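What follows draws every value from the coordinates through simple rules; no lab data is involved. Since this is a predicted model, take the numbers as computed values, not measurements. Using ideal geometry, Cβ is built from the backbone for each residue, glycine included, and neighbour counts are taken over all protein chains shown.
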Amino acid sequence: MDLLSPHPGLILWTIITFVVVLVVLKAKVWGPLLAALDERERSIRDALESADRARAEALAQQADHEKRLVEAESQARQIVSDARAAAEKVGQQVMAAAKEEAERTAQRGRESIQAEKRAALVELRREVADMAIGAAGAILNAELDAERNRKLADDFIADLPGARN
Amino acid sequence: MAADADGQVDVVGHILDHHSLEVPFINAQHVFDGHIELPQFEVFGIDMSITRHVVMMWVASALLIVTMISAFRRPGPVPTGLRNFLETIIVFLRDEVIIPIMGESGRTYMPFLLTTFFFILYCNMLGLIPYTATATGNISVTAALALISFAVTQGAGIANNGFFGHWKNLVPSGLPAPLLIIMIPIEIIGMLAKPFALCIRLFANMIAGHIAILVFLGLIIMLKSYFVAPASVVLAAALYLLEIFIGFVQAFIFTVLTALFVSMAAHPDH
């Protein structure tokens, strides 16, 4: 056997061996393995894509939440300021009403004082008249009859200054 | 290693094919130099003897099939151990070599190209174990592998471009008629030179390292001196490591070039 002369038997054996190995490995190893590799790559790609999607969704949700939070804050601030304004208004109304009530009460007081004063004056006048009549009667008991005296006293009182009030 | 009493070392004899296997410890007279005779027979006038290289090829094939099947037996999604290692090589070949060269159609040729790579790799590596032989260091074996590569290349061209289209693609289209007289022989030679180069490259690379290792070790015997031994052993060990690397590289080159030739035949326009 020479180093450089091809040997047909060995060439045939090599081809037969190679084909047998190819057939066995293709059926038992390469086919399932290459399919499994493709399947794994597909599943990794899917997983990455779904992770990306989930992250985008989470970001969107976070942004949404932040927006809502800001909205809620501004709403709360609005509500507080509204409430404060309303309370102030109510307070002012209450103050105004109270002032008015006080005013009215004072007015009423003044009016009742006035009326009391007038009634007291009328009473006083009558008392005075009666006293005058009594005094005059005691003085002039015998000569003057009661009718004439009353008229005299009335005239006298009517002539008093401020009697009409 | 065959070394006779005169200190002659039969370097080439170690590389050549034989009708016997070297086996140690089979008889008391030749403890490290026993032989098992292998059957010799002819089929239809062709010498189909089971030679040492045929046996080595079968051993490599058996190892290849056993390792692959045991590594990929469990199909779970997470690779571990040997399967992880082999998958790394396979995915590298697919994604970094075959698909960039051949495009998506490379997936069809993946089983063939992977078998080519691992078959050559196992034959190369098996030859590095003492008492074995390197089947890929035999020109008949590499010629057969080159013939297979050539057949697949032509088959891919015919399958993609039709029988006549494939042969028309041998020469670039649009050449003036007189040039064809020169171009057709050149292209035919080029077509045949590719598998020839594949055959010689693998064969020469595989025997070169073995011869160099044998020569370094043989120097000890030829010079009959112990003082040569340290240098010889160190150099032989270094060459041995280089041989491991070359075993991978040559399997890879053979596979890549086959992929390239198949792709060129299938898609001649680029």
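Backbone phi angles across the stretch A:123-134, fed through the Karplus curve with coefficients 6.51, -1.76 and 1.60 (θ = phi - 60°), yield HN-Hα couplings of 4, 4, 4, 4, 4, 4, 4, 5, 4, 4, 4, x Hz in residue order; Gly and Pro are listed as x.
The fraction of Cα-Cα pairs per 20 angstrom bin, counted from 0 for the protein assembly as shown, comes to 17, 30, 15, 6, 6, 5, 6, 7, 7, 2, 0 percent, rounded to whole percents. Placing +1 on the Cβ of every Lys and Arg and -1 on the Cβ of every Asp and Glu, with nothing else charged, gives the stretch A:17-158 a dipole about its Cα centre of roughly 760 debye. Treating each Cα of the stretch B:195-267 as one equal point scatterer and applying the Debye formula with no solvent, the log10 of I(q)/I(0) at q = 0.14 Å⁻¹ comes out as -0.56.
Using helices alone, what [θ] at 222 nm do you get for the protein assembly as shown, with -39,500 (n - 2.57) per DSSP H run of 4 or more residues, divided over all residues and rounded to the nearest 500? Intermediate results must be reported in sequence, preceding the final value.
Values: 12 runs with 316 residues, N = 435.
Value at 222 nm, helices only: -26000 deg cm²/dmol.
Global dimensions of chain A from alpha-carbon coordinates: Rg and Dmax equal 62.0, 196 Å. Volume per residue for the stretch B:93-145 equals 81 cubic angstrom (convex hull of Cα atoms). Against the empirical curve 2.2 N^0.38 Å, the C-alpha radius of gyration of the stretch B:77-266 lands at a ratio of 1.29. Note on chain B: with a GNM built from Cα contacts shorter than 10 Å, the maximum mean-square fluctuation among B:Pro79, B:Pro39, B:Pro176 falls on B:Pro176. Comparing A:Gly109, A:Gly134, A:Gly91 in a Gaussian network model of chain A, where Cα atoms under 10 Å apart are tied by springs, the biggest mean-square fluctuation is seen for A:Gly134. Alpha-carbon geometry of the stretch A:78-126: the Rg and the Dmax are 20.6, 70 Å, given in that order. Measure nothing fancy, just the Cα-based angle from helix A:146-158's long axis to the longest principal axis of chain A, in degrees from 0 to 90, nearest 10. Value to nearest ten degrees: 50. Counting only residues at least eight positions apart within a chain, or on another chain, the aspartates and glutamates with an alpha carbon under 17 Å from that of A:Lys26 are A:Asp38, B:Glu87. Distance between the C-alpha centres of the stretch B:32-102 and the stretch A:64-119: 99 Å, rounded to the whole angstrom.
Candidate membrane-span-like segments in chain B, meaning DSSP H helices with Cα atoms spread over at least 20 Å of their own axis and a Kyte-Doolittle mean of -1.0 or above, are B:52-71, B:106-126, B:139-161, B:177-223, B:229-266, with no membrane implied.
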